[in-house]
Amino acid sequence: MNFENTGGNSAQFGDLTGLRMMRKSPLLEEAWRYWTSLREGSDLPRRAALDPHAMRLILGHAMILDQVRHGTVRVRLGGHVMHDLMGMDVRGLPIRAFFDVADRTRVVDQIEQVFDTPASLELDLISDGKEGIVTGRMLVLPLLDAAGQPTKALTVMVTDRMVRDTPRRFSLTNATLVPLAGARNGAGPQRRLTDHHLPVEISALGLAEGQTPFQARPSSVPWLRVVK
């Protein structure tokens, strides 16, 4: 895959994941930039640092994932777009519930690597139902829990349109897993990530106290939009 020069030396980035996302979705661009802004030095962002106000552009599209144990990942909090896609409150659902049965093991294995490597993960998705085909993209970014372990993840999902024939289950058409430069799993020194920011709809339940406000940047790209 080729990347355009965005002005500056690409060697300064641990990987080029953010450049790919910026060319695809304004909302995922915001998520990537916000997540990166929460890092302190080379550490992964902490779950407690998430600020719903700073995330307001993408709150509806976001979830917080919780690795309960190896092989079990559940939704801790979810935005209204995620509720609408599933036709139910997504809190407490295993993440595999969003996917077709044939792809569940494969997807969960990929998401597990977000915690274990750690890594960023982008999933290209498609769903066919009574109201036709819906395509989407999901971004999964690791977070540290209160003990400094990578057992949480910020997840942002965008689709090309909303439908009423729920629940929607998605098939996986492509997965891009990128180990984060300099990052190591939880037992050792905390990891290093790359560059960027976020917006999703998570209710204000337990999301961080006073943070320096992130100034979200408007995008002229019409492919995806914030769903009110």
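What the table below lists for this structure:
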quantity: In region 71-145, the GluC sites (Glu not before Pro) that fall in loop regions by DSSP, at most 15 other Cβ within 10 Å; calculated: Glu131
quantity: For region 66-73, 3J(HN,Hα) per residue [Karplus equation, 6.51 cos²θ - 1.76 cosθ + 1.60, θ = phi - 60°, Hz, x = Gly/Pro]; calculated: 10, 7, 5, 7, 4, x, 10, 10
quantity: Label zone at Ala97, where the point sits 7 Å out along the Cα-to-Cβ direction: region 49-76 residues whose backbone N lies under 11 Å; calculated: 74-76
quantity: Where labels lie 7 Å past Cα in the beta-carbon direction, separation of Thr176 and Gln149 in nm; calculated: 3.1 nm
quantity: Distance in nm between pseudo-label sites at Thr105 and Met162 (7 Å out along the Cβ direction from Cα); calculated: 3.6 nm
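Rule-based calculations on the coordinates, nothing more; no lab input. Note that this is a predicted model, so its numbers are computed, not measured. Every residue, glycine among them, receives a Cβ derived from its backbone with ideal geometry; neighbour counts consider all protein chains shown.
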